1. When only Cα pairs under 8 Å and 6 or more residues apart are kept, what is the percent relative contact order across segment 254-403?
2. Specify the angular offset, from 0 to 90 degrees and rounded to the nearest 10, of the alpha carbon long axis of helix 38-50 from the longest principal axis of the alpha carbons in the chain.
3. Take E92, E379 and order them by how many other Cβ atoms sit within 10 Å, fewest up front.
4. Once amide H atoms are built 1.01 Å from N in the peptide plane, which residues 5 or more positions from Y166, or in another chain, come under 5 Å H to H?
5. Within 10 Å of each candidate Cβ there may be at most 11 other Cβ atoms; applying that plus a DSSP loop requirement, which trypsin sites (Lys or Arg not before Pro) in segment 313-395 survive?
6. Compute the separation of the alpha-carbon centres of segment 307-380 and segment 25-46 and state it in Å as a whole number.
7. Any idea what the relative contact order of the chain is, in percent, if you count C-alpha pairs under 8 Å spaced at least 6 apart?
8. Using Cβ contacts closer than 10 Å as the measure, can you line up H240, H262, H176 from fewest to most?
Amino acid sequence: MPGYELFGAEERKEVNDVLETGILMRYGFDGMRNGMWKAKELETEICKTFNSKHAQLVSSGTAALTMAMSALGIGAGDEIIMPTFTFVASFEAVISVGAIPVLVDIDETLTLSPAAVEAAISPRTKAIMPVHMCGSMAQMDELKAIADKHNLLLLEDACQAIGASYKGKALGTIGHAGTFSFDFVKIITCAEGGAVLTQTEEIYRKCDQFSDHGHDHMGKDRGADLHPYLGYNFRISELHAAVGLAQIRKLGQFLELQKRNHSIIQKALSAVQGISFRVIPDPAGDTGSFLSFFLPTEEMTREAIAELQAAGIAGNFYWYDNNWHYIRKWQHLQNGSFMSRLPEEQKKQVMHYSNLAFPASDAIMSRCISSSISLLWDENQAAERGAKIAAILNNVIAKHNITA
Ligand SMILES: *Cc1c(COP(=O)(O)O)cnc(C)c1O
């Protein structure tokens, strides 16, 4: 998934434009900036690339999630339904606005199980937050139908799925709001950065204000702005936006390389009897940033991971043991390890929901390996990697079939 692999002259040129003027801030200093408005330009480019009416840049994907929730009016006591497999940022943002992350099972799409979502709806539910993990998509038709039926907000965490689509629509543009992350390991990077996409003018306006201390950006200068709401400083800098501008122009090339290498490796692994692939609701919209597959048992999966490591084949992730991505290891959430005091009711609810058992998710995640796809492999290198991984999987499975 990483855009940093193809960092080069284009990024340096955009950053240099900003360094030449010395105006590193996205607002104001009109006379001194020599026509350079990198953040504005990147927002325009995001709208064009993903066919979105609005986009608001911020300093990170986590900031984008927090801001989207605030702009959507998600706050104290509201329950947000989200998946057991995500990144810590998703529940950090929910807790930061005073809301309760209600974790529910995933299915073999590695994203929200629509049945689990429906079962978790309570009178306090305010939003459903699908997380489009590892470059691919949630079951958006089903989730949208549930959201519509129960009059809930739909907030897409598309931080890992920039450039993915579902039935022709860019992920992040389907829900009431969607978020991107441009941190250093995402599909495109600004070094650090994020964005909220929305098709609703009012939500966009609130994001624009929230990210800059509530400034309405209608005054002749910053001192003359009004502040309809309280905000924060979630601004992106011109230097970061400049990097993103070069990267978004290369997104098409990144996706082409990723999809090519993904399909070469998938072809090699298709010959392995006994594994199955992650279910992709709309295969045409997959970014190809990971190839995720399932072995028959947890034991075989652990053996395969160990063998891949022993063979020096990097980039194979076993999320089940990962401290960042799966509920099983989020001890700080389960124990309520907060630096400052949360309202008692929020803390009680957070600990209740995060300590539930998730046998259905465990059964999937304990058998899942996600193999990351590099932009730097040529076709031969991708084929060679695919063959090596396939040989290891074949060995592990054969050994168990003999002993069984
Ligand atoms: C990276 C990521 C985020 C947060 O993005 P940052 O820019 O690192 O703050 C949120 N959600 C998911 C699913 C992510 O992968």
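Quick note: the coordinates plus some simple rules give every number you see, no bench work behind them. Please read these numbers as outputs of a predicted model, since none were measured by experiment. Positions of Cβ are generated from backbone atoms using ideal geometry, with glycine treated the same way; all protein chains shown enter the neighbour counts.
1. Computed value for segment 254-403: 41 percent relative contact order.
2. The angle comes out at about 50 degrees.
3. Fewest-to-most ranking of E92, E379: E379, E92.
4. Here L171 satisfy the definition.
5. Those that pass, being in a loop and sparsely packed, are R341.
6. The distance from the Cα centre of segment 307-380 to that of segment 25-46 comes to 38 Å.
7. Result for the chain is 21 percent.
8. Ascending Cβ contact count within 10 Å gives the list H176, H262, H240.
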